[in-house]
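**Student:** If you scroll down you'll find the structure; I have some questions about it.
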Amino acid sequence: MNANPAPDHPPHLSVRGRSAVPSLSVAEPCTVPRQKGGSHGTERLRGATADLLDHPDSWIAAQAAATENLLRCWVRELNLTAPAHGVLHIPLPASATALLVAVRYWSATGWHRFGPPYLEGAPETAPPVDAVTLAALLGREAPGHTDTTDLAGRVADSVRRTSFFVTDRRHRPEDGPDTFLAGEQALLLGHPLHPTPKSREGLSDTESDRYSPELRGSFPLHWLAVAPSVLAGDSAWTERGRAVPAPQLTARLAGTTLPLPDGWAALPLHPWQMRELTPRPDVADLFDSGLLHDMGAHGPAWFPTSSVRTLYRSGAVAMLKLSLGLRITNSRRENLRKELHRGVEVHRLLRSGLAEQWQTAHPGFDIVRDPAWLGVTGTDGQAVAGLDVMIRHNPFTSDVAAICVAGLVSPRPTGHTTDRPHDQPTARDRTGPLPATPGRTPDPSAGPMRSRLGEIITRLAGRTGRPRGAVATEWFLRYLHHVVRPVLWLDSEAGIALEAHQQNTLLMLDHDGWPIGGRYRDNQGYYFRESRRAELDRRLPGIGEQSDTFVADAVADERFAYYLAINNVLGLIGAFGSQRLADERLLIAAFRRFLTDAATGPTRLRSSLPPLLLDSPVLRCKANLLTRLHGLDELVGPVDTQSVYVTLTNPLHLCGT
């Protein structure tokens with residue numbers, strides 16, 4: 001991680017734009033306000049160059065990660081500009097004070113690095129503002145004086161879990177041989193622009209040990225037997241040209257030793273979800289009437305992926321996207337029927353000839369298919385919420401280097417500078433749950449935080465004898481060709497925009513670490529353009545009738561620009577810059593040239609996204625902090641009102657002026 005404050009661009013290349021809520025106050029970053037006690041406080045801020053993510057006390061490291069996330073959210077969502085003198089001044093009129101924050105790195109794409117925040121005018125001996133206090137202070141500045149209790153509680157939960165994740169990984173830094181699984185387990189700090197990336201409301205400490213990918217947890221599935229009269233599902237799964245029904249797939253995953261009644265279906269559940277569902281009246285009635293049988297925990301261990309609820313087992317024919325009523329980041333993660341229909345529908349659409357066209361143009365890219373699902377419909381004919389499972393293809397083997405982009409760029413401990421004492425327990429050695437109060441025993445042998453991306457670029461530079469910046473630029477250009485261009489092609493040729501954020505994007509790497517292809521995953525994240533409805537209906541008659549996937553082109557443009565351009569590509573550029581691997585300005589210019597070729601070159605695409613990104617002075621961007629403060633669940637309601645969006649100045653447009 002970088003150690004010195006160095007703005008990535010001159011102050012005039014600011015991220016300024018119209019906020020979604022004009023009444024919000026604006027920071028005053030262009031001057032360094034006086035701090036009580038003279039200039040010493042300012043000098044202390046300017047000298048705050050130590051990276052607290054590397055602090056030997058994992059609680060301090062977790063606090064640093066949380067405060068940086070909150071500050072990044074605030075800067076983005078209020079369109080604050082780079083301070084002229086290296087200290088950010090954030091007025092807090094609702095609390096009659098202000099924050100002073102040292103800027104360790106200013107990112108053109110939003111992945112800023114900050115020192116600890118201090119209250120303006122506080123004594124020199126005052127500690128920095130902790131994450132929970134910061135959340136409460138910023139929340140008081142939100143429009144309508146939103147109640148900050150929920151946000152503060154989730155921030156506290158996220159910090160506590162992050163502290164434990166970092167402690168555990170410092171003692172067990174080595175990844176296993178399965179590259180895909182290692183990538184899923186790498187997101188210790190989570191989304192760098194989310195206020196509560198590791199909050200999991202409703203998960204006990206003991207359960208966290210088993211169910212958290214960050215702790216490399218694993219557990220057997222809980223199984224139900226479902227009577228045919230209440231079974232729901234669909235399948236477009238085929239093997240050697242033959243259709244495979246969904247109950248046949250789950251029976252295979254359960255194994256022959258599950259004592260399933262004849263004609264009944266085996267339905268897998270997350271153990272946490274089973275506990276939560278049992279008291280629900282609609283579920284209890286099905287058990288009481290004999291239409292559901294509890295078969296208990298059974299079979300080998302499965303591993304949670306980065307989403308927590310999707311489970312993976314090396315060598316299994318399928319992954320399982322289970323319903324999980326935990327509130328993870330902004331949403332409770334229970335499958336919706338329209339999303340299940342959407343996954344099967346997209347698989348059928350691709351098999352209509354679209355996949356063959358796509359593979360001809362881009363043989364290294366595909367969608368991880370969701371071709372089957374099972375669920376329960378009550379005796380009243382209504383779907384029983386929380387009992388649905390999506391059955392996903394598992395195309396990955398332990399010898400295939402496929403890693404989710406979010407895991408690739410996420411900093412994580414690289415180990416100890418000295419060996420751990422033999423009598424010091426790790427998470428796997430523990431017999432009890434997390435302590436109620438995090439341990440405050442610093443680990444002076446803790447190694448620094450590094451991302452896998454940084455390790456790959458450094459290794460390639462050493463192997464080729466080229467500067468890291470040159471290697472990073474070539475790596476980025478290959479990423480654009482092998483991952484971004486295929487996603488644009490699908491929009492161009494079929495009118496389908498993918499919600500291709502970093503966690504939904506899987507990168508295929510060769511044995512040296514260069515990008516060679518990619519995969520997209522997520523049965524939820526498709527936007528069918530309304531303007532292409534007739535064309536898509538010709539490919540698959542009746543498309544969208546059950547999946548509710550068609551949206552206005554303006555909505556598709558907004559979401560496509562956010563997920564693919566801002567979250568994925570600009571987020572990748574931000575990772576390169578904030579980790580001192582490349583100059584963000586050079587990568588932004590390279591991205592602009594790539595988009596220009598896609599929009600006007602000899603192999604131009606019909607997608608509206610490249611010209612939008614090139615020509616629009618502003619872009620719409622999801623505001624995770626404001627979404628959290630408004631208590632929105634991103635899986636509920638119309639797609640165009642599920643989240644708060646703000647308007648940002650487009651760094652690609654600035655690059656071209």
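**Student:** Over segment 45-108, calculate the relative contact order: mean separation of alpha carbon pairs under 8 Å at least 6 apart, over the residue count, as a percent.
**Tutor:** Answer for segment 45-108 is 31 percent.
**Student:** In addition: With the cut-off at 24 Å, report for segment 206-400 the share of all Cα pairs above it, as a whole percent.
**Tutor:** Taking all Cα-Cα pairs of segment 206-400, the fraction more than 24 Å apart is 40 percent.
**Student:** Right, next: Give me the three principal axis extents of segment 524-657 from the C-alpha atoms, as integers in angstrom, largest value leading.
**Tutor:** Principal extents (Cα only, largest first): 48, 45, 24 Å.
**Student:** What is the Å³ per residue value for the convex hull set by the Cα atoms of segment 272-324?
**Tutor:** Looking at segment 272-324, the number lands at 99 Å³ per residue.
**Student:** Using Cα pairs closer than 8 Å and at least 6 residues apart in sequence, work out the relative contact order for segment 276-416, in percent.
**Tutor:** The normalised contact order for segment 276-416 reaches 23 percent.
**Student:** Using a simple charge model, +1 on the beta-carbon of Lys and Arg, -1 on the beta-carbon of Asp and Glu, nothing else, what dipole does segment 206-400 show about its Cα centre, in debye to the nearest 20?
**Tutor:** 420
**Student:** Using the crude model of +1 on Lys and Arg Cβ and -1 on Asp and Glu Cβ, and no other charge, please compute the dipole size for segment 343-392 relative to its Cα centre, in debye to 20.
**Tutor:** 140
**Student:** Quick one: which of 462-468, 265-271 comes out on top by average Cβ neighbours within 10 Å, and what's the full order, highest first?
**Tutor:** 265-271, 462-468
**Student:** Net charge within 12 Å of LEU374 by Cβ-Cβ distance, Lys/Arg positive one each and Asp/Glu negative one each, not counting LEU374 itself?
**Tutor:** So the environment of LEU374 carries a net charge of 0.
**Student:** Hey, another quick one. Using alpha carbon coordinates only, what is the Rg to Rh ratio of segment 164-292, with Rh defined as the Kirkwood radius?
**Tutor:** 1.05
**Student:** Around SER95, what is the net charge, scoring Lys/Arg as +1 and Asp/Glu as -1 over all other residues with Cβ under 13 Å from its Cβ?
**Tutor:** That works out to -1.
**Student:** On to the next question. With +1 on each Lys and Arg Cβ and -1 on each Asp and Glu Cβ, and nothing else charged, work out how big the dipole of segment 143-212 is about its Cα centre, in Debye to the nearest 20.
**Tutor:** For segment 143-212, the charge dipole is close to 200 debye.
Readers should treat all values here as calculations from the given coordinates under stated rules, not as data from a laboratory. Just so we're clear, the structure is a prediction, and the values are computed from it rather than from any experiment. No Cβ is skipped: glycine too gets one built from the backbone with ideal geometry, and neighbour counts run over all protein chains shown.
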